[in-house]
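The structure appears right after this line, and notes come after that.
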Amino acid sequence: MDNLLPTSIRVLERGWLSSNNVVLHDDAGTGTVVDTGYVTHGAQTVALVRHALEGRRLTRLVNTHCHSDHIGGNAALARAFGCTIAIPVGEARNIAEWDTEALHLDGFGQHCERFAFDSTIAAGDTLTMGGLEWQALAAPGHDMDSLVLYAPEPRVLISADALWENGFGVLFPELYGEPGLAATRATLDRIAALDVATVIPGHGPVFSEVGAALERAYGRLDAFTRDPERVTRNAFRALLVFYLLDRQLARLDELAALLEQASFFAMLNARSYRLEPGVLAQKLVAELAEAGVLQVEADIVRPAH
Amino acid sequence: MSPVASPCVNVCVMDDATGLCRGCSRTLDEIARWSVMQDSEKQQVLALLAQRKKIKMGSDPCG
């Protein structure tokens with residue numbers, strides 16, 4: 001695609017396990033990165049960010065929200081560059097106390113290296129990054145504390161997992177009894193009211209057809225609203241695939257153990273499927289293999305590439 | 001919507017000996033620039049990856 005972004009912005013796009021990393025050239029000597037990918041990719045993230053900085057020093061790291069695929073490289077980048085770390089204000093307690101349940105780590109079978117933050121960002125704050133003024137906007141839904149970053153001048157939105165080219169991230173708050181569907185609608189409405197030419201999503205390619213993406217997102221939200229059970233089942237499948245992307249392969253009995261022992265999966269199974277973990281693992285793997293997302297050979301399950 | 005799918009397989013670890021990603025066999029520069037490549041250049045990278053994988057398999061006695 002044509003490069004739609006100002007020259008001070010570089011987007012590092014990999015697969016789904018690591019969120020996109022946005023590297024911004026602040027001036028001739030310094031740069032900022034927004035979101036840092038998954039922990040197991042940390043060394044490559046450091047190398048990619050160094051490459052994208054083109055000789056600059058990374059002085060600041062900003063997170064849109066604190067999920068494992070967005071903060072996993074924080075510790076490695078802070079070690080490599082000595083940069084400061086800024087997180088959304090609503091995540092401050094969870095990160096300071098490293099609450100692995102609230103951070104969706106242990107309960108999901110996910111990992112992250114602990115880090116310390118230096119400052120917080122709240123909705124309404126403005127930041128200068130890449131020589132541009134950015135507004136931090138509240139974007140609850142996928143995460144109640146998530147922020148998106150909007151630069152009115154080049155009309156660029158860093159949309160995190162609030163809006164992708166095709167949908168949005170798992171609606172975790174809804175699963176924990178918070179009004180995630182309503183929050184998502186308000187967030188999409190907020191984005192729809194902005195003048196946006198280019199979106200840098202949390203995952204997937206940079207895109208410019210914002211209206212079409214919003215239409216797809218509203219369609220998905222409408223389907224979830226009509227049948228909230230779909231929120232649960234979508235989350236279950238997405239998190240199982242994420243787990244397999246992390247491990248690259250697992251035996252069926254290992255997946256059954258995950259579904260039984262990881263608190264998130266156990267909670268949603270008790271609420272939605274109510275199946276014995278081994279039976280549930282087989283059912284989900286069969287569905288995901290049918291959809292072309294996973295491959296199964298004997299009892300070994302892998303992501304399909 | 002870009003019709004050329006990313007070759008990333010979520011391994012994302014560089015191999016010091018080859019200078020290539022152990023998952024997708026791309027160089028750091030090819031990974032870093034993927035998001036701004038034209039489709040024609042993406043196709044060229046994908047063709048190169050197929051060659052690199054062949055060479056890798058040929059040189060590996062266990063391949």
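The values are calculated or read from the model by the stated rules, or taken from the named source; none is laboratory data. Keep in mind the model is a prediction, meaning the values are calculated, not measured. Cβ placement follows ideal geometry from the backbone for every residue including glycine, while neighbour counts extend to all protein chains displayed.
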Residues being among the β-branched types (Val, Ile, Thr) and within 14 Å of another protein chain (Cβ to nearest Cβ): count how many of those fall in region A:273-305. 1
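Please count how many residues of region A:203-220 are more than 14 Å from chain B (Cβ to nearest Cβ), of a type outside the set (D, E, K, R) and surrounded by fewer than 21 Cβ atoms within 10 Å (Cβ to Cβ).
Here is the first cut: in region A:203-220, the residues more than 14 Å from chain B (Cβ to nearest Cβ) are A:214, A:217-220.
Right, trim to of a type outside the set (D, E, K, R) and you get A:214, A:217-219.
Subset that is surrounded by fewer than 21 Cβ atoms within 10 Å (Cβ to Cβ): A:214, A:218-219.
Of the residues in that region, 3 qualify.
Scan region A:257-265 and give yes if some residue there is exposed (fewer than 15 other Cβ atoms within 10 Å of the Cβ), of a type in the set (Ser, Thr, Tyr) and at negative phi, otherwise no.
Start the filter on region A:257-265 by keeping residues that are exposed (fewer than 15 other Cβ atoms within 10 Å of the Cβ), which leaves A:261, A:263.
Pick out the ones that are also of a type in the set (Ser, Thr, Tyr) and you get A:263.
Right, trim to at negative phi and you get A:263.
Checked against the condition, which is being exposed (fewer than 15 other Cβ atoms within 10 Å of the Cβ), of a type in the set (Ser, Thr, Tyr) and at negative phi, region A:257-265 yields at least one hit.
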Based on what the data block shows, is residue B:13 in contact (Cβ under 8 Å) with a residue 12 or more places away in the chain, of a type in the set (Val, Ile, Thr) and either closer than 26 Å to residue A:302 by Cβ or within 7 Å of another protein chain (Cβ to nearest Cβ) (or both)? no
Residue ID - surrounded by the fewest Cβ atoms within 10 Å (Cβ to Cβ), chosen from residues in region A:8-22 that are at the interface with chain B (Cβ under 10 Å from one of its Cβ atoms), in a loop (DSSP other than H, G, I, E, B) and out of contact with any Lys or Arg (no Cβ under 9 Å at 6 or more places or on another chain): A:16
Return the residues of region A:145-202 that are in contact with a Lys or Arg (Cβ under 9 Å, 6 or more places away or on another chain), touching a residue at least 60 places away in the same chain (Cβ under 8 Å) and surrounded by fewer than 24 Cβ atoms within 10 Å (Cβ to Cβ); say none if nothing qualifies. A:175, A:197, A:198
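Okay, residues lined up against (1) surrounded by fewer than 22 Cβ atoms within 10 Å (Cβ to Cβ); (2) without any contact (Cβ under 8 Å) to a residue 60 or more places away in the chain:
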residue: A:66; (1), (2): no, no
residue: A:79; (1), (2): yes, yes
residue: A:87; (1), (2): no, yes
residue: A:92; (1), (2): yes, yes
residue: A:114; (1), (2): yes, yes
residue: A:126; (1), (2): yes, yes
residue: A:135; (1), (2): yes, yes
residue: A:138; (1), (2): yes, yes
Restricted to region A:23-54, and to residues that are more than 14 Å from chain B (Cβ to nearest Cβ) and free of Cβ contacts under 8 Å to residues at least 60 places away in the same chain, which residue is nearest to residue A:160 (Cα to Cα)? A:30
Taking the residues in region B:16-40 that are of a type in the set (Gly, Ala, Ser) and out of contact with any helix residue (DSSP H, G or I) (no Cβ under 8 Å at 6 or more places or on another chain) as candidates, determine which candidate is nearest to the other protein chains (Cβ to nearest Cβ). B:35
With criteria (1) crowded, with 24+ Cβ neighbours inside 10 Å; (2) facing chain B (nearest Cβ under 9 Å); (3) outside any helix (DSSP H, G or I), residue A:5 comes up short on (1)
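Restrict the check to region A:147-155 and report whether at least one residue is out of contact with any Asp or Glu (no Cβ under 9 Å at 6 or more places or on another chain), modelled with pLDDT of 95 or more and farther than 19 Å from residue A:67 by Cα.
Scanning region A:147-155, I find at least one residue that is out of contact with any Asp or Glu (no Cβ under 9 Å at 6 or more places or on another chain), modelled with pLDDT of 95 or more and farther than 19 Å from residue A:67 by Cα, so the answer is yes.
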